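First comes the structure, then the notes that go with it.
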Amino acid sequence: MYGFVVLFPQKIVINQLAPTMKASLQFSTRDEFYRIPISRIVFFVADKNYTVLQLSNGKTLLFTFSLQKMHDYIISTMGEELASRVFSRVGRSHIINLSFVYHIDMIKQRLVLYAEHEALEYIVPVSKDALRTLRALLERPATKLEITNEKK
């Protein structure tokens, strides 16, 4: 029996020229093109009809479409199951990368995201209901998406 764990579905753009490049999301406008590794995305935040992307190195990018369109793009690119393991919609104005969650403070209604390799901390104001939902999501047992091929 052969088995392997699926880390990223084929829908995510993977650079075929550089096998060491990790899965990424691509954004293209008339004048610019971005390929951003998912591991560098800390969160997305709504700014009216725009979306601000916060990278783990402290840089931000502004996109001219809504957070809902960003959410739809992430799901269509990654697939709903994997997208829900990597990102979470927290309230109406944020999509966070779950791997950066460091601290949930219910009393102060804030979420702390921490980019360890850059030593940067991001404090996100979030409602208590959204924090409860996020906490329940993070406390559930982790499962693997596993595919096995049996040799006959």
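Give, in nm to one decimal, the length gained when the segment between Asp47 and Asp72 is fully stretched (0.36 nm per residue of separation minus the Cα-Cα distance). Before the final figure, lay out the partial values.
Working: separation 25, 0.36 × 25 = 9.00 nm, distance 1.67 nm.
Result: 7.3 nm gained on full extension.
Val90's amide H: which non-local residues (gap 5+, or another chain) put their own amide H closer than 5 Å, with H modeled 1.01 Å from N in plane and none for Pro or chain starts?
Amide H to amide H, under 5 Å and 5 or more residues apart or across chains, Val90 pairs with Ile95, Ile96.
Cα convex hull of segment 49-88: how many Å³ per residue? Walk me through the numbers before you get to the answer.
Numbers: hull volume 2.9 nm³, N = 40.
Convex hull of Cα atoms, per residue: 72 Å³.
Just so you know, all these numbers are worked out from the coordinates, no wet-lab data involved. Keep in mind the model is a prediction, meaning the values are calculated, not measured.
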